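Okay, so here's the structure we're looking at.
The values are calculated or read from the model by the stated rules, or taken from the named source; none is laboratory data. Fair warning: this is a prediction, and the values are worked out from it, not measured in the lab. Quick reminder, even Gly has a Cβ in these numbers, built from the backbone with ideal geometry, and neighbours come from all protein chains shown.
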Amino acid sequence: MSYAYAVIGAGRQGAAAAYDLGRFGDASRLLLVDSDLEIATAAAATVNRLLGRSIARAARCDATDLTMLRSVLRGTDAILSAAHYNVNLGLTELAVSIKAHLCDLGGHTGVVRQQHAFDADARRAGITVAPDCGMGPGLNVSLGAYVMEKLDHPREVLIWDGGLPQDPQPPWNFVSTFAMSGLTNEYAGSACFLRDGEVTEVACFADREELEFAPPVGRLEAFVTSGGLSTAPWTWKGTLDRLENKTLRYPGHCAAFAAFDRLGLLGLDPIDAGGVTVVPRDVLHALLETRIGARGAVVRDICVMRVRGLGDLAGRPTEVVVELIDRYDEATGFTAMQRLTGWHAAIVLGLATRGQLPAGVRSVEGISGSLIVSEGRKRGWAFTESIRPVS
C-alpha cells in the first residue's frame, strides 16, 4: 500500500524528512508546503534527485492559514510539521478534521500538552498524532525508552545529546544547523527532570559536567537546557526515580551563553536602547546569525547521543549504555542534525501511517524504543550498546 504525505515547512529538517518518507514510507506522493515557494521548490527538486523519481512537488501556503491549508492538503494521508511549534496546535485540529495522521518537531512542552487534549478526537478519527519528535526531544527519549526495555526494573535514565561542527573554529566552536530561535529557546527558562521520583524544575545552564567520547569527538561539556524531555518526566513518574537530559557542546560554550542569559539577552520583553525599542533576544539572534549561523554554507557536523540506564536485570543491579554518533552524509548532503531530526519524525509518521501505532495522541516515550532503534539501523545509524552488572 502507498500513501500521500505532506511536509509543512520545507527547510533543512523538512527536506530530510520528505526524503526519508520517500525512501522508507511507502510514499506515492510527497507535497512540500512552505510560505516561501522558492524554498519548497528547491526542497522538492532535491528530494526527487536523491530518490531518482519525480514523487515530490511544491506548494505555497502559510501554515497559519488553515482554510487554505485544508484545500492544499486534500487527499493527504499523513502530515509532518517541520514548522515553528506555534502552528502545531492548529495543525492538530486540522489533522483530526481531515483524518490525516500528524507528526511534528515540537519545541514547546506547553503546546504539546494542549495537543494531548485532542486524544479522544484523534481516536474517533482513527488517526495518530505524535508531537515533539526529532533529535531532542524525540530520538533521545526513544533511546531512553530503549534502555528501559532492556531492564526488568529501570530506576534511572540519564541522557546526553548535542549537535556540533566536526571542525570547530574558535572562538565559538559551534555552528547552528537549525533556526537560531530554536537554539535560544532551548537556553531559556528551565528543564523538568525526575529527581527522587518527583518532577523537578532545574534552571538552564545548571549542573555542568564534562564527559569523554571516543576520538575524534573527545571531551565535551554537558549542561541543562529546556524542553529536551518533553512530557517524559510526567509519563515516567512512578516508574523512574531519576530522569535527566543535558545538552553536549565543546567546552566553553556554556559559560558564554550563560553570560548572555545573565546580561538579559535572552529576554523577550522590549527594552529601550538609545531611543529605539528592541527585543533583547531579537538582537542576540541578529548578532549570532553572523557568527554561528550556517548561512547556506555546507556544515559538516556531528551529532552525539549517550543514554545510560540503571536498574535491575535478572535480580542484579545492571547498567545499560547506548550511544549513537552520526555525521554529515556526503552522499545526500544531509547534516547529521537533519538525519536525526527529520528522519526520527519520518520514522514515527511512517509507523503511524502503516497502522503500527494506536490511534490517539501518542507521546514519543510511549512508542517502543526497540522499534525506533530497528528502524534507525535500516537507515544506517550505528548504535553501540553495552549491558553490564554494577555493584
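Is it the case, given these coordinates, that Val390 is surrounded by 22 or more Cβ atoms within 10 Å (Cβ to Cβ) and either modelled with pLDDT of 95 or more or not aromatic (Phe, Trp, Tyr) (or both)?
Criteria not met by Val390.
Given the condition crowded, with 22+ Cβ neighbours inside 10 Å, outside any strand (DSSP E or B) and either among the small types (Gly, Ala, Ser) or assigned by TED's automatic domain parsing to the domain that holds Cys254 (or both), answer yes or no: does some residue in the stretch 162-172 qualify?
no
Taking the stretch 227-241 as the search range and keeping residues that are in contact with an Asp or Glu (Cβ under 7 Å, 6 or more places away or on another chain) and among the hydrophobic types (A, V, I, L, M, F, W, C), which one is surrounded by the most Cβ atoms within 10 Å (Cβ to Cβ)?
The residue in question is Ala232.
One residue is enough: does the stretch 352-360 have a residue meeting the conditions of a type in the set (Ser, Thr, Tyr), outside any helix (DSSP H, G or I) and not assigned by TED's automatic domain parsing to the domain that holds Ala117? Give the derivation first.
First, the residues of the stretch 352-360 that are of a type in the set (Ser, Thr, Tyr): 353.
This time we only want the ones that are outside any helix (DSSP H, G or I), so: none.
No: zero hits.
Kindly indicate which of Ala40, Ala100 is outside the structural domain of Gly227 (by TED's automatic domain parsing), among the aliphatic types (A, V, I, L, M) and over 29 Å from Leu229 (Cβ atoms).
Going through Ala40, Ala100 in turn, the sole match is Ala40.
For the stretch 256-280, give me the residue count where each residue is surrounded by fewer than 13 Cβ atoms within 10 Å (Cβ to Cβ) and within 16 Å of Phe174 (Cβ to Cβ).
Qualifying residue count, the stretch 256-280: 1.
Name the single residue that is surrounded by the fewest Cβ atoms within 10 Å (Cβ to Cβ) among those in the stretch 296-316 being of a type outside the set (D, E, K, R) and touching a Ser or Thr at 6+ places or on another chain (Cβ under 7 Å).
Checked the stretch 296-316; the qualifying residue surrounded by the fewest Cβ atoms within 10 Å (Cβ to Cβ) is Val299.
So the check is Cβ under 8 Å with 6+ separation or different chains; which pairs have a first residue in the stretch 272-289 that's touching a residue at least 40 places away in the same chain (Cβ under 8 Å) and more than 13 Å from Ser176 (Cβ to Cβ) and a second one that's among the β-branched types (Val, Ile, Thr) and assigned to a helix (DSSP H, G or I)?
Arg281/Thr184
Condition test on Ala222, is it touching a Cys at 6+ places or on another chain (Cβ under 9 Å) and surrounded by 21 or more Cβ atoms within 10 Å (Cβ to Cβ)?
For Ala222, the condition - touching a Cys at 6+ places or on another chain (Cβ under 9 Å) and surrounded by 21 or more Cβ atoms within 10 Å (Cβ to Cβ) - is met.
Filter the stretch 281-295 down to the residues that are in a loop (DSSP other than H, G, I, E, B) and surrounded by 14 or more Cβ atoms within 10 Å (Cβ to Cβ) and list them by number.
Residue satisfying the conditions is Ala294 alone.
May I ask you to list the residues in the stretch 122-140 that are part of a helix (DSSP H, G or I), under 24 Å from Gly11 (Cα atoms) and either touching a helix residue (DSSP H, G or I) at 6+ places or on another chain (Cβ under 6 Å) or aromatic (Phe, Trp, Tyr) (or both)?
Across the stretch 122-140, the qualifying residues are Met135, Gly138, Leu139.
What tally of residues in the stretch 89-112 results from selecting those that are surrounded by fewer than 17 Cβ atoms within 10 Å (Cβ to Cβ) and modelled with pLDDT under 95?
Total satisfying the criteria: 1.
Can you tell me which of Arg12, Arg70, Arg60, Arg29 is at pLDDT below 95 and touching a Ser or Thr at 6+ places or on another chain (Cβ under 9 Å)?
Answer to the check: Arg12.
Here are the criteria: (1) surrounded by fewer than 20 Cβ atoms within 10 Å (Cβ to Cβ); (2) part of a strand (DSSP E or B); (3) within 18 Å of the chain's Cα centre (by Cα). Tell me which single one Gly182 does not satisfy.
Of everything listed in (1) surrounded by fewer than 20 Cβ atoms within 10 Å (Cβ to Cβ); (2) part of a strand (DSSP E or B); (3) within 18 Å of the chain's Cα centre (by Cα), Gly182 misses just condition (2).
Within the stretch 354-376, track down each residue that is closer than 20 Å to Asp26 by Cα, more than 17 Å from the chain's Cα centre (by Cα) and of a type outside the set (A, V, I, L, M, F, W, C).
Arg354, Gly355, Gln356, Pro358, Ser374
Tell me yes or no: at least one residue of the stretch 59-78 is more than 15 Å from Ala95 (Cα to Cα) and either out of contact with any helix residue (DSSP H, G or I) (no Cβ under 8 Å at 6 or more places or on another chain) or assigned by TED's automatic domain parsing to the domain that holds Thr177 (or both).
no
Looking for something without any contact (Cβ under 8 Å) to a residue 40 or more places away in the chain and either over 20 Å from Leu324 (Cβ atoms) or not hydrophobic (A, V, I, L, M, F, W, C) (or both) - is there at least one such residue anywhere in the stretch 240-248?
Looking for residues that are without any contact (Cβ under 8 Å) to a residue 40 or more places away in the chain and either over 20 Å from Leu324 (Cβ atoms) or not hydrophobic (A, V, I, L, M, F, W, C) (or both), one finds none in the stretch 240-248, hence no.
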